[in-house]
Amino acid sequence: MFKLKLHWQILIALVFGVIAGTLIQREFGLEAKDTVYVGILKFFGNTVFIGLLKMVIVPLIFSSIVAGIAGRKNSRGFGRLGLKTLGYYLLTSSVAILIGLSVVNLMKPGLIDGQPNPELVKFMSENSEEFEKKGASVGKDATGLQEKPHPLGVVGSLIERMIPENVFESASDNGSMLSLIFISIITAFGLLSLQGPTIEAVTDLIIGVNKLMIKITGWIMKLAPLGVFGLMGWTISQTGPSFLLSMSKYMIAVILALGIHFFIVLPLMIFFLAKVNPIKHFYAMKEALLTSFSTASSSATLPVTLKCLQQNAGVSKRVSSFVLPLGATVNMDGTALYECVAVLFIGQVMGVTLDFSAQLSIVILALLTSIGVAGVPSASLVAIVIILQNVVVTDAKLDGALAAIGAIYAVDRILDMCRTSVNVFSDSCGAVIIAKSEGEELLFGGADSVLSRSLKSEK
């Protein structure tokens, strides 16, 4: 019997989700979000599918990191691996920001004939109460973050988030990803420092748990078409066509910048640095990319990303279990790019002229905040408020900025789906590049043979 492959099922579900959401929006308009149809779509997409993916995140990350490190029986090479990983993150995020800066300066999505877009200003004015309310809620989160800034800046804040006060509480919270990674690495190196049959049994148990989590992830992915249908239908049904039209130039600017990074920069990097065919890599990561696009969550997609990278791209657990969890937490190419475009767009709409020094400050702050507030809900929007408060906005124009943020919030879900896919793809490219630099031979679709070769080379 003919059976469609999973990625085709997901793609078809995505299309039907868009159609269903459009029909619901056309029928009910602004009241669509309160209908039973949207409730059902949200239930299957958010509650069931994303809920199941989040369920396996903590045990999967913990077991993957511990198995990847302790399973090697020695700790050599992990310092080098860490430096390569951080270097890659810094490079790609910087390039992404510069792309966003270039696109927004060329397209000027907030201007018409050199002046703030009158149609957009009017639309925001007519909906100022709603937009300012949304923007104020985001601004409150940012203000809370800024009340007590860490004396060591972003680095100090990251270290503070990394070291948990309560190990068990941290292990039960998907939002404490840095803490979980830190705990996992400490546990792995602790096991390597001990000897005896009991320790080997513990290591084997964790490796077994890792295999079990990967198996469960495979079962969950069988529900992916239903989940994607629900998520897409839920998203599209709540977005009004009139506002999408008003924000179209801004959305095109964001998508164009993300597209340049996704389809040109990252493929060129894996082609020249890893000597890997980008098309083969796209195909290997297809399920993860479709899942990240529909869920708009790097963390929720992490189980799928690990599965695709290990089984389809042939990257060893040693590299993938280290690079991907860390990347899902701190490597946010799409987020950093988006922050840069959004801040300059808001400045244009507000009629604020940004000189070279101001734009340079935006670049630096976008790079830092894409890391520093990664664990906060609506992290990109919170980061945008922080950047505005430090670069663009004066007290007299803050209300206007909040209204603009509220307007961005209204279309954020669609753009979030795009930038999340960029984040996930960048993490996967980084894993491939680092794996090749470590001497691994990647056989796409042949993970078992790759892992066996990797184990032989380590001995």
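Some values worked out for this structure:
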| quantity | calculated |
| --- | --- |
| Cross-chain or 6+ apart pairs with Cβ under 8 Å, the range 433-451 first and closer than 13 Å to ARG318 by Cβ and surrounded by 15 or more Cβ atoms within 10 Å (Cβ to Cβ), then at pLDDT 50 or above and among the hydroxyl-bearing types (Ser, Thr, Tyr) | ILE434/THR85; ILE434/TYR88; ALA435/SER316; ALA435/SER320; GLU440/SER316; VAL450/SER316; LEU451/SER316 |
| Lone qualifier among ILE270, ILE279, ILE255, ILE260 - being farther than 20 Å from GLY439 by Cα, assigned to a helix (DSSP H, G or I) and either of a type in the set (D, E, K, R) or over 19 Å from the mean Cα position of the chain (by Cα) (or both) | ILE279 |
| Selection status of VAL393, modelled with pLDDT under 75 and either surrounded by fewer than 19 Cβ atoms within 10 Å (Cβ to Cβ) or within 13 Å of THR335 (Cβ to Cβ) (or both) | no |
| Residue tally, condition over 19 Å from ILE50 (Cβ atoms) and either touching a strand residue (DSSP E or B) at 6+ places or on another chain (Cβ under 8 Å) or of a type in the set (Phe, Trp, Tyr) (or both), over the range 270-306 | 4 |
| Hits in the range 356-390 - residues which are modelled with pLDDT of 75 or more, surrounded by fewer than 23 Cβ atoms within 10 Å (Cβ to Cβ) and of a type in the set (Ser, Thr, Tyr) | SER357, SER361 |
| Number of the condition not met by ALA257 [criteria: (1) at pLDDT below 95; (2) of a type in the set (Gly, Ala, Ser); (3) buried (at least 23 other Cβ atoms within 10 Å of the Cβ)] | (1) |
| Subset of the range 93-126 [outside any helix (DSSP H, G or I) and among the β-branched types (Val, Ile, Thr)] | ILE112 |
| Breaking point among (1) basic (Lys, Arg); (2) at positive phi; (3) modelled with pLDDT under 90, for LYS275 | (3) |
| Residue count, the range 9-51 (criterion: exposed (fewer than 14 other Cβ atoms within 10 Å of the Cβ) and touching a residue at least 40 places away in the same chain (Cβ under 8 Å)) | 3 |
| Qualifying residue in the range 275-285 (condition: touching a residue at least 24 places away in the same chain (Cβ under 8 Å), surrounded by fewer than 21 Cβ atoms within 10 Å (Cβ to Cβ), out of contact with any Leu (no Cβ under 9 Å at 6 or more places or on another chain) and farther than 30 Å from GLN9 by Cβ) | yes |
| Test for LYS42: is it charged (D, E, K, R) and in contact with a Gly (Cβ under 8 Å, 6 or more places away or on another chain) | yes |
| Which listed residue is in contact with a helix residue (DSSP H, G or I) (Cβ under 9 Å, 6 or more places away or on another chain) and within 21 Å of LYS436 (Cα to Cα), from THR329, THR305, THR301, THR295 | THR305 |
| Tabulated pairs, the range 168-194, first under 17 Å from ALA67 (Cα atoms), second loosely packed, with under 14 Cβ neighbours inside 10 Å and modelled with pLDDT of 80 or more, C-beta under 7 angstrom, 6+ apart or interchain | PHE182/ILE163 |
| Residues of the range 196-210 satisfying the condition of being among the polar types (S, T, N, Q) and surrounded by 12 or more Cβ atoms within 10 Å (Cβ to Cβ) | THR203, ASN210 |
| The listed residue being of a type in the set (Gly, Ala, Ser), under 22 Å from GLY406 (Cβ atoms) and modelled with pLDDT of 85 or more, out of ALA284, ALA342 | ALA342 |
| Unmet criterion (only one of (1) closer than 25 Å to GLN359 by Cα; (2) out of contact with any helix residue (DSSP H, G or I) (no Cβ under 8 Å at 6 or more places or on another chain); (3) modelled with pLDDT of 75 or more; (4) not charged (D, E, K, R)) for GLY190 | (1) |
| Some residue of the range 211-225 being under 22 Å from LYS307 (Cα atoms), surrounded by 17 or more Cβ atoms within 10 Å (Cβ to Cβ), modelled with pLDDT of 85 or more and more than 22 Å from the chain's Cα centre (by Cα) | no |
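The values are calculated or read from the model by the stated rules, or taken from the named source; none is laboratory data. Only a predicted model underlies this, so the values are computations on that prediction, with no experimental measurement involved. Glycine also receives a Cβ, built like all others from the backbone with ideal geometry; neighbour counts cover every protein chain displayed.
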